[in-house]
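The values are calculated or read from the model by the stated rules, or taken from the named source; none is laboratory data. Bear in mind the structure is a predicted one, so any value in this text is a computation, not a measurement. Ideal geometry is used to build each Cβ from the backbone, glycine not excepted, and the neighbour counts take in all protein chains shown.
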Amino acid sequence: MTTNFSKMTRAQIEEQLKAYQAELSRQDKESEGLEKIREIMLEYGISESTVITSLGGSTSTSAKKEDKKYSVQLDGKTYKTSSKQLTKAIKDTEEYQNLPEEQKVLDTFLRAYSTEYSQDYPFNANYDGNQFYMGMKGTMNAITKKYYASYLSDNALSESTDTKLSFKKLASEASQ
């Protein structure tokens, strides 16, 4: 839809601008809410497809993508993750229990204990001298969120879609 602003009064244009700003704000809030839901699901080891299916929805595609499971060595045994989520068996091991909290962050843990994971998700971003993996689509992982928050603070910026894009571009270019 195109709008011919030349045929509108100043008041109509201002009203249109307010409506656009309100819609952008609503979309930002919706994105934040979805991101929080994904974080909770990840914390409890629940996949999006499980939630959709349990709510009566369908996640059918013509060829369902197989979620990759990663091998992890703990307490002298090999465990498999469940779709990039740590299983209860992994979390119940003595070695995992004795890790400091910062080592239990999913990306940090898998990078340290699974060579497959490190190969699939190599460092591709750098912020403030810290290398990390940053997915260019979807939600940010915990490590990326930490550096993004630092970026916002360092530059006195507020969170928005534009600042996320700027951060992703800056961090990915800095790693090259």
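Of note:
- From Ala142, Ala156, residue being in contact (Cβ under 8 Å) with a residue 24 or more places away in the chain, exposed (fewer than 15 other Cβ atoms within 10 Å of the Cβ) and not assigned by TED's automatic domain parsing to the domain that holds Arg26: Ala142
- Segment 1-32, residues that are hydrophobic (A, V, I, L, M, F, W, C), assigned to a helix (DSSP H, G or I) and in contact with a helix residue (DSSP H, G or I) (Cβ under 9 Å, 6 or more places away or on another chain): Phe5, Ile13, Leu24
- Restricting attention to segment 135-156 and to residues that are aliphatic (A, V, I, L, M) and under 20 Å from Ser47 (Cβ atoms), the residue that is nearest to the chain's Cα centre (by Cα) turns out to be Met140.
- Sole residue being of a type in the set (A, V, I, L, M, F, W, C) and more than 15 Å from the chain's Cα centre (by Cα), chosen from Phe132, Phe109, Phe167: Phe109
- Residues (out of contact with any Pro (no Cβ under 9 Å at 6 or more places or on another chain), assigned to a loop (DSSP other than H, G, I, E, B) and surrounded by 15 or more Cβ atoms within 10 Å (Cβ to Cβ)) located in segment 106-139: Ser114, Tyr121, Asn124, Met134, Thr139
- Within segment 96-153, the set of residues being among the β-branched types (Val, Ile, Thr) and out of contact with any strand residue (DSSP E or B) (no Cβ under 9 Å at 6 or more places or on another chain) comprises Val105, Thr108, Thr139.
- Of the set (1) surrounded by 13 or more Cβ atoms within 10 Å (Cβ to Cβ); (2) in contact (Cβ under 8 Å) with a residue 40 or more places away in the chain; (3) assigned to a loop (DSSP other than H, G, I, E, B), all apply to Ser83 but (2).
- Odd one out for Val105 among (1) out of contact with any Phe, Trp or Tyr (no Cβ under 6 Å at 6 or more places or on another chain); (2) closer than 19 Å to Ser172 by Cα: (2)
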